[in-house]
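Everything below concerns the one structure shown next.
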Amino acid sequence: MTVIGSFFLAQHATFNMGIFILLLVGISFVIASGCVFNNIIDTDIDALMTRTADRALVKGLISERVALRFGVFLAGVGFLCLLSINLLSFLFGVIGWFFYVVIYSLWAKRQSVYGTIIGSISGAMPMAVGYSAGSNHIDSGLILLIFISIAWQIPHSYAIGLVRSEDYIKANIPLFSVLHNDKKVKRHCATYVIVFTVFCSLLFFQGYTGLFYWIVMMLLCLYWLYLSLKGFYTSNIQIWAKSMFLFSIVIISSFSVLIGFNF
């Protein structure tokens, strides 16, 4: 949804079906390749976590050699599709894949408490790929989309960490939302929600979206901020984290639709 929304935001009144199909196939294959390589790298810790214990590599249903070949195939087709659109889409795809597989999966996830923030760079690239596929140039709109995606991912990921904290502790993953006290995590969540709100607003004030987008997004952002602040007054951290996670899905989906239709 974020890729499609970003593509239509950049396309404005024009629409190229060929580029659109190449974009969907390309980004899907690149992301799928990243997931395959992540599964290969994380087989040892996936076996320790309830959430990932049933993955194919953990259960031995697929060999690492087959998975490796599959990951390479997916990456090759995906990158070829993006390169067929333009060089910019290809480069953002490469950056996203490299950060996710090499920087995040091989190092940051296991070694750094800021792995989520480092990983958010790769998570922001689908929007960059979608927008650059539609515009073929770097402008303030593309930069804003990257920062919007990064800011959204932090409270979203921290909420997952809180809900699945036992899994991360068993796997010895130094997640920020697991290692730090609840109050500090809540402060960070609220801060990033505010940053997300500011960047979403800037997309309107820079002239990329219409008034309807701004009004709806500000209402959604205010509610997300309300949920963030509500966390300081709740005793059940699990229920609060689940509500933050679920609404993060609602707000990024709504954002994608709004920028896609560009009201």
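Values for this structure:
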{"item": "Under 18 Å from LYS183, Cα to Cα: lysines that are on another chain or at least 8 residues apart", "result": "LYS230, LYS242"}
{"item": "Set of aspartates and glutamates with alpha-carbon distance to LYS109 below 18 Å, sequence-local pairs under 8 removed", "result": "ASP42, ASP44, ASP46, GLU166, ASP167"}
{"item": "Qualifying chymotrypsin sites (Phe, Trp or Tyr not before Pro) for segment 76-132 [loop in DSSP, other Cβ within 10 Å: at most 15]", "result": "TYR114"}
{"item": "Solvent-accessible heavy-atom area per residue, rounded to whole Å², over segment 1-153 at 1.4 Å", "result": "45 Å²"}
{"item": "Charge sum, other residues only, whose C-beta stays under 15 Å from VAL66's C-beta, Lys/Arg counted +1 and Asp/Glu -1", "result": "+3"}
{"item": "Unit Cα scatterers, Debye sum, the chain: log10 I(q)/I(0) for q = 0.08 Å⁻¹", "result": "-0.33"}
{"item": "Inter-label distance for GLU64 and LYS183, nm, one decimal - labels placed 7 Å from Cα along Cα-to-Cβ", "result": "4.5 nm"}
{"item": "Full-stretch length increase - THR234, ASN172 - with 0.36 nm per residue and alpha-carbon distance subtracted", "result": "19.6 nm"}
{"item": "Histogram of C-alpha separations across segment 34-189, 10 Å bin width, %", "result": "11, 33, 34, 19, 3"}
{"item": "Segment 45-123 shape via C-alpha gyration tensor axes, a/c threshold 1.5", "result": "oblate"}
{"item": "Helical segments meeting 15 Å axial Cα length and Kyte-Doolittle 1.6 threshold in the chain (DSSP H)", "result": "17-41, 64-85, 87-98, 140-163, 211-230, 237-261"}
{"item": "Cleavage-rule hits (chymotrypsin sites (Phe, Trp or Tyr not before Pro)) in segment 144-250: DSSP loop, at most 16 neighbouring Cβ within 10 angstrom", "result": "none"}
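The values are calculated or read from the model by the stated rules, or taken from the named source; none is laboratory data. On a predicted model such as this, the values are computed, not experimentally measured, just so you know. All Cβ positions, even for glycine, are placed from backbone atoms using ideal geometry, and neighbour counts span all protein chains on display. Each accessible area value is taken on the protein alone, full model and side chains, heavy atoms only, with ligands, DNA and RNA left out. Shrake-Rupley method; radii C 1.70, N 1.55, O 1.52, S 1.80 Å.
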